[in-house]
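Read the figures in this text as sums done on the coordinates, not as results from a lab. Quick caveat, the model's predicted, so the values are computed rather than measured. Note: ideal-geometry Cβ built from the backbone for every residue, glycine included; neighbour counts use all protein chains shown.
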Amino acid sequence: MSEIVRTQTTQTTSSQIFLRQQHVNAYSVGVILFIALSSVAYGYAGSVIATTLTQPSFNKKMGLDTAPNAAALIGAMNALYYTGGIFGSFLAGWTSNKYGRKFSVGLGNALVLLSGALMTASINPAMFIVFRFCSGLGSFVILASAPLWIAELAPPKLRGIAVDVHAVGMMVGYTTACYVGLGFYFVSGGNQWRGPLGIQMAMPAIILCGLYWMPESPRYLLAKDRTEEAWAVVSRMHSSKSHTNDEFAKREFYQMRKQIELDTTLATSYWGIFKKPSLRKRAFMTIFLEFVLMSSGVLVILNYGSIIWRSLGFNTVQILNFQGGFQLTGFVFNIVAMAFVDRVKRPVLITTGMIGCAVIMAGEAALQKFYLGTTDRNGLIACAFMIILFQTWFSLFLDGPTYFYVAEIWPSHVRSQGFAIAMATLSLTNLMWLQSAPHAFESAGWKFYLCFIIIPALGGTVIFFLFPDTLRVPLEEIAAMFGDEDEVVVYQQQLDMAKIPLDILEQDLTGRAGSMSSKNAAAQEIEDVA
């Protein structure tokens with residue numbers, strides 16, 4: 001117990017020291033915002049189906065208005081997207097490690113662009129469903145790569161805010177898809193449903209045109225022994241005109257490089273993750289977190305919003321407006337969340353979100369029990385209000401944190417695999433709920449919401465008591481929280497206490513990876529140069 005307390009105290013002191021000279025410059029802001037455009041592309045591609053299913057011309061073209069198996073076809077359009085997401089998640093885990101985070105994001109956008117074009121040109125349900133699968137494949141390559149890339153570029157003090165930009169980007173995509181769908185509803189002709197689908201190609205095209213100029217993750221570059229390129233990225237991303245000696249960047253890079261030298265000797269497979277206790281614990285935490293998150297019902301509301309709103313008695317135009325308002329709410333409150341996500345302990349933040357969503361869902365279930373199928377206007381408005389309130393709470397506490405928390409708990413050598421496990425779990429959980437949703441709404445009605453009450457309430461309690469807090473801790477030091485103290489090569493506290501001269505650090509910046517592969521060796525080096 002005393003060893004745990006000592007370790008936690010060391011990490012806290014180390015974090016406090018490390019926070020003192022962290023900077024954000026215009027270049028780093030521009031890079032993060034550009035990467036987040038991929039999140040916009042993901043959000044648009046993922047949510048465009050919600051308004052597409054509301055378009056009368058689409059339902060007529062695909063025969064959904066008369067087909068006896070219409071519910072099954074609608075379920076397949078969502079299911080195949082998330083089936084593609086499972087494959088896309090693991091594809092991203094491989095490409096991110098093999099070719100880099102930037103390549104992986106580019107691949108995802110290229111797939112979204114291609115599948116968007118072919119969905120727009122679809123002539124029957126089968127063609128649409130096949131390329132909806134391809135869209136899911138590309139979308140989840142983006143989802144498993146973009147927040148990971150941002151997390152590895154951002155300084156610890158602002159890592160939560162930076163990755164929250166990804167969540168804001170997703171909401172921009174969701175909101176845009178809703179309002180584009182609303183606008184095209186008023187366009188005459190039998191092919192107006194193709195417009196919103198075609199517009200999803202615009203953002204991936206822009207990203208692919210500018211991706212060449214974006215910096216690669218310095219941690220990936222160090223793992224590939226491209227040390228000088230990695231230092232160029234860190235120095236440019238984390239430099240400041242007010243601190244011309246770049247002390248923070250140099251100390252951060254020193255720690256990063258020494259850690260990567262050890263991590264490259266620890267590279268492992270997915271099977272290896274589940275064989276090692278500390279990595280297995282991370283995997284179970286990741287799977288549990290994503291399962292509980294997606295069992296809040298957020299994507300059931302997003303993808304089957306038209307069914308929910310229609311069951312509450314609203315017409316098509318009102319449904320499209322409600323869907324747009326739902327996503328606009330998420331966009332606004334994701335921005336608000338950026339003001340405090342790096343001020344609240346991670347388990348407290350996530351638990352607050354889970355418990356709050358469960359309570360709101362309980363309110364929604366109670367209201368629908370009494371007002372579903374009635375003409376009581378006030379009761380129906382109250383049902384609609386609770387759905388908007390749910391989105392508000394989810395955006396404030398869950399949308400961003402669940403991405404940066406997963407990025408934080410995994411060490412560099414398996415971070416891309418960890419993110420792949422997370423996004424595959426997200427896809428699989430959504431696949432389960434979305435396949436059952438149309439039938440559940442029809443047969444169980446408000447009782448279906450009980451699933452989205454019990455699971456988040458229990459899950460949030462587990463997270464509060466068992467999940468460690470990674471707030472503002474350097475990525476290279478988090479391994480100690482999982483019992484891997486020997487895999488933390490150097491703490492920022494050691495660098496500060498040793499008072500290593502900056503010129504010594506500067507001489508070491510372009511050293512070759514692999515020269516130091518143990519904690520003891522790094523400690524001896526610090527002692528020698530101090």
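Dividing the convex hull volume of the alpha carbon atoms of the range 152-296 by its residue count, what do you get in Å³ per residue? Intermediate values should be presented prior to the final figure.
Values: hull volume 28.9 nm³, N = 145.
Taking the convex hull of the Cα positions in the range 152-296, it is 200 Å³ per residue.
Hey, what angle do you get for helix 159-185 against the long axis of the chain, alpha-carbon based, 0 to 90 degrees rounded to 10?
So the helix axis and the longest Cα principal axis differ by about 20 degrees.
Provide the gained length on full extension for the span Ile206 to Asp486, in nm with one decimal, where the gain is 0.36 nm per separating residue minus the Cα-Cα distance. Spell out each step's value before the answer.
Values: separation 280, 0.36 × 280 = 100.80 nm, distance 4.43 nm.
Between Ile206 and Asp486, full extension yields 96.4 nm more.
What length, rounded to one decimal in nm, is gained on full extension from His439 through to Val359, with 0.36 nm per residue of separation minus their alpha-carbon distance? Can you show the working numbers first?
Values: separation 80, 0.36 × 80 = 28.80 nm, distance 2.41 nm.
Additional length available on full extension: 26.4 nm.
Round to a whole angstrom and tell me the spacing of the C-alpha centers of the range 367-406 and the range 45-106.
The two parts, judged by their Cα centres, are 24 Å apart.
For Cα Rg over 2.2 N^0.38 Å, one of [x] 1.50; [y] 1.10; [z] 1.00 was computed from the structure I shared and the rest are decoys. Which label?
[z]
Measure nothing but the geometry: give the 0 to 90° angle between the long axis through the Cα atoms of 451-466 and the longest principal axis through the Cα atoms of the chain, rounded to 10°.
Once rounded, one gets 10 degrees.
Computed FRET efficiency, Cβ-Cβ of Asn69 and Ile454, R0 35 Å: what is it to the nearest 0.05? All intermediate terms of the calculation are to be shown ahead of the outcome.
Details: r = 32 Å, r/R0 = 0.90.
Calculated value: 0.65.
If neighbour count is taken as other Cβ atoms inside 10 Å, put Thr120, Thr268, Thr402 in order from fewest to most.
Thr268, Thr120, Thr402
Can you sort His238, His413 by how many other beta carbons sit within 10 Å, fewest first?
Details: His238 25, His413 21.
Fewest to most other Cβ atoms nearby, the residues stand as His413, His238.
What FRET efficiency, computed as 1/(1 + (r/R0)^6) with R0 = 35 Å and r the Cβ-Cβ distance, is obtained for Lys281 and Phe103, rounded to the nearest 0.05? Walk me through the intermediate numbers first.
Numbers: r = 30 Å, r/R0 = 0.86.
According to the calculation, E is roughly 0.70.
Calculate for the chain the 222 nm mean residue ellipticity that helices alone would give, adding -39,500 (n - 2.57) per DSSP H run of length 4 or more and normalising by residue count, nearest 500 deg cm²/dmol.
Per the formula, -24000 deg cm²/dmol.
Which residues among the range 26-53 fall inside the zone where the amide N is under 11 Å from a point 7 Å beyond the Cα of Trp213, along Cα→Cβ?
31
Between Leu118 and Phe291, how high is the FRET efficiency from 1/(1 + (r/R0)^6) when r is the Cβ-Cβ distance and R₀ = 35 Å? Nearest 0.05. Mind showing how you got there, number by number?
Working: r = 32 Å, r/R0 = 0.91.
About 0.65, to the nearest 0.05.
Quick check: the angle from helix 247-263's long axis to the longest principal axis of the chain, C-alpha only, nearest 10 degrees?
The answer is roughly 80 degrees.
What pairs in Lys369/Lys447; Lys102/Lys224; Lys98/Lys275; Lys224/Lys258; Lys98/Lys224; Lys98/Lys258 have C-alpha atoms more than 18 Å from each other? Intermediate values should be presented prior to the final figure.
On the way: Lys369/Lys447 8 Å; Lys102/Lys224 14 Å; Lys98/Lys275 22 Å; Lys224/Lys258 14 Å; Lys98/Lys224 9 Å; Lys98/Lys258 21 Å.
Cα-Cα > 18 Å for Lys98/Lys275; Lys98/Lys258; rest within.
What ranking of Cys178, Cys451, Cys209 emerges when the number of other C-beta atoms within 10 Å of each C-beta is taken as an exposure proxy, fewest first? Each step should come with its number before you reach the end.
Working: Cys178 28, Cys451 18, Cys209 9.
Lowest to highest Cβ neighbour count: Cys209, Cys451, Cys178.
What's the magnitude of the charge dipole for the range 43-191 around its Cα centre, counting Lys and Arg as +1 and Asp and Glu as -1 at the beta-carbon? Answer in Debye, nearest 20. The partial results should precede the final answer.
On the way: 8 positive and 3 negative charges, 51 e Å.
Value, rounded to 20: 240 debye.
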